[in-house]
C-alpha cells in the first residue's frame with residue numbers, strides 16, 4: 001500500500017507524517033490529538049506542551065490497552081458460544097437419529 005504524506009497541525013506546531021492510512025483518517029487523528037492537548041492545556045495552564053503530550057499518550061495507551069482486553073474477552077466469549085453451539089448441534093443430531 002502506498003504511504004500518504006500528511007501534515008498535521010497539533011497544538012500550534014506542524015508535523016508531517018507518513019501513513020498507510022488515508023489522509024482523511026490521519027487528519028481526524030491529528031484534529032483529535034490537537035483538541036485533546038488544547039483541552040488539557042486550558043484545564044491546567046501549569047502544564048507544558050510536553051507534559052500534556054505525555055499525559056495524552058498515557059491516556060491513549062490506557063484506552064487502547066483496555067480496548068484490546070475487551071476485544072480479547074469478546075473473542076473468547078464468541079469462541080465459547082461457537083463451541084456450545086457445536087455441542088448443542090451434535091446433541092440435536094443424536095436426538096434426531098434416536099427418534100427417527
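Taken together, the values in this text are just the output of simple stated rules run on the coordinates, not laboratory data. Keep in mind it's a predicted model, so treat the numbers as computed, not measured. Please note: Cβ atoms are built from the backbone with ideal geometry, for glycine as well, and neighbour counts cover all protein chains shown.
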Could you calculate the contour length gain from residue 7 to residue 97, that is, 0.36 nm times the residue separation minus the distance between their Cα atoms, to one decimal place in nm?
-> 25.8 nm
Exposure proxy ranking, count of Cβ atoms within 10 Å, fewest first, for 74, 55, 98 = 98, 74, 55
Based on the alpha-carbon gyration tensor of segment 1-87 and its eigenvalue square roots a ≥ b ≥ c, which shape applies: rounded if a/c is under 1.5, prolate if not and a/b is larger than b/c, or oblate?
-> oblate
If one computes the Cα centroid of segment 46-67 and of segment 1-45, what distance in Å separates the two points?
-> 14
Take 73, 38 and order them by how many other Cβ atoms sit within 10 Å, fewest up front.
-> 73, 38
If you take the beta carbon distance between residue 47 and residue 20 as r and set R0 to 25 Å, what does 1/(1 + (r/R0)^6) give as a FRET efficiency, to the nearest 0.05?
-> 0.20
Per residue of the chain, what 222 nm ellipticity follows from adding -39500 (n - 2.57) for every DSSP H run with n ≥ 4, rounded to the nearest 500?
-> -26500 deg cm²/dmol
Simple spin-label model, 7 Å along Cα-to-Cβ: residue 87 to residue 31 in nm?
-> 4.9
Measure off 7 Å from each Cα along the Cα-to-Cβ vector at residue 62 and residue 75, then give the distance between these two points in nanometres to one decimal.
-> 2.5
